[in-house]
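Q: Sharing a structure with you now.
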Amino acid sequence: MRLSGKVAVVTGASRGIGRAIALRLAAEGADLVVNYSRSGEAAAKTAAEIEALGVKALVLQGDVSSREDCRELAENTIAKFRKIDILVNNAGITRDNIVARMKPEEWQQVIDTNLTGCFNCTQAFMRPFLRQKTGGAIINIASVVGLTGAAGQANYAAAKAGIIGFTKALARELAGRQVTVNAIAPGFVDTEMTGALTEKQREAILGLIPLGRVAGPEEIAAAAAFLAAEGRYITGQVLSVNGGLFI
Ligand code: NAP
């Protein structure tokens, strides 16, 4: 129970990697805020599983691309728990297309959710992080694609590379307050996001992964739990959890 008494907020915790991170942090003893934008039923299910672990869960709807929603997310979190120790900026989407055909809205939606959402949420929680003087951990979910690029994902790669730069800058800003800021760059993880790929595409990707398999969401959650619980002297870093896909 390395996170007993801590309060964690995970954006996009209704499904996939966010859900796994929320459950893992709860299993380590943290109370959880489960954010989602559309999948209310799935978020409620995540929260019920968290409560079954003996900690508190608060479900808060909110679109991270909306500054107003992020402000409310922070206000309602502090109203309920009085503090925040761990913020995981996980919410993300894909709108894949090659640049030659990419619609401006495909570009904008991905930047607004994946990159600006990370900024919006972090800024909304900045005051409690700075005021409470107990330090904290901010963990941003980037991607291997932010390090390597990927054809058909210029919007996503730009957003994820942006998250990495944001992480490094914020780590420098918050170090004096003992708030660590790190990114996790997952490789290929088995979630609904990657479920849309064809069998042929999956096989091609598998051939590129030295460990020879995709990750389960709980393997990304293990990295988040490590950073939150044991990473007090780690800041400004990108932790690759990719099976060797990019070395
Ligand atoms: P997923 O299964 O599609 O889940 C995405 C989550 O984000 C859902 O809970 C969704 O909730 C939430 N979300 C989407 N838009 C949101 C918004 N505007 N505001 C709040 N929540 C929002 O995706 P995933 O694979 O778990 O991905 C999670 C993160 O890991 C993303 O940042 C993704 O880029 C990153 N990642 C994934 C992989 C992979 O292989 N899967 C690899 C590298 C990085 P609603 O359904 O309620 O909208």
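Residue by residue, here is whether (1) within 30 Å of residue 178 (Cα to Cα); (2) surrounded by 15 or more Cβ atoms within 10 Å (Cβ to Cβ); (3) free of Cβ contacts under 8 Å to residues at least 12 places away in the same chain holds:
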| residue | (1), (2), (3) |
| --- | --- |
| 211 | no, no, no |
| 220 | yes, yes, no |
| 224 | yes, yes, no |
| 228 | yes, yes, no |
| 231 | yes, yes, no |
| 234 | yes, yes, no |
| 237 | yes, yes, no |
| 240 | yes, yes, no |
| 245 | no, yes, no |
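Q: Moving to a separate point now. What are the pairs with Cβ atoms under 6 angstrom where one residue, in the range 125-136, is in contact (Cβ under 8 Å) with a residue 40 or more places away in the chain and the other, located anywhere, is assigned to a helix (DSSP H, G or I) and aromatic (Phe, Trp, Tyr)? Sequence gap at least six, or different chains.
A: That search, which allows pairs on different chains as well, returns 136/129.
Q: Another one. So how many residues does the range 96-123 have that are touching a residue at least 60 places away in the same chain (Cβ under 8 Å) and crowded, with 18+ Cβ neighbours inside 10 Å?
A: Taking the range 96-123 first, the residues touching a residue at least 60 places away in the same chain (Cβ under 8 Å) are 96, 117, 121.
Okay, now just the ones that are also crowded, with 18+ Cβ neighbours inside 10 Å, so 117, 121.
Residues flagged as touching a residue at least 60 places away in the same chain (Cβ under 8 Å) and crowded, with 18+ Cβ neighbours inside 10 Å within the range 96-123 amount to 2.
Q: Return the total of residues in the range 179-211 being touching a Phe, Trp or Tyr at 6+ places or on another chain (Cβ under 7 Å) and either in a helix (DSSP H, G or I) or away from the ligand (no atom under 14 Å from the Cβ) (or both).
A: Total meeting the criteria: 3.
Q: From the list 159, 183, 204, 225, which residue is modelled with pLDDT under 95 and not charged (D, E, K, R)?
A: Working: 159 fails: modelled with pLDDT under 95; 183 fails: modelled with pLDDT under 95; 225 fails: modelled with pLDDT under 95.
Answer to the selection: 204.
Q: So in the range 74-85, with the set limited to residues that are away from the ligand (no atom under 16 Å from the Cβ) and under 23 Å from residue 229 (Cα atoms), which one is surrounded by the fewest Cβ atoms within 10 Å (Cβ to Cβ)?
A: Residues of the range 74-85 that are away from the ligand (no atom under 16 Å from the Cβ), as a first pass: 75, 78-85.
When the remaining residues are screened for being under 23 Å from residue 229 (Cα atoms), the result is 78, 80-85.
Values: 78: 16, 80: 13, 81: 19, 82: 10, 83: 16, 84: 22, 85: 23.
Among those residues, the one meeting the criterion is 82.
Q: Out of (1) at positive phi; (2) under 17 Å from the mean Cα position of the chain (by Cα), the odd one out for residue 91 is which?
A: (1)
Q: Looking at the range 91-116, which of its residues are within 10 Å of the ligand (Cβ to nearest atom), over 17 Å from residue 168 (Cα atoms) and of a type outside the set (D, E, K, R)?
A: 91, 92, 93, 94, 109, 110, 113
The values are calculated or read from the model by the stated rules, or taken from the named source; none is laboratory data. Note that the structure is predicted; figures quoted are calculated from it, not measured. FYI the Cβ positions are ideal-geometry reconstructions off the backbone, even for glycines, and counts take in every protein chain you see.
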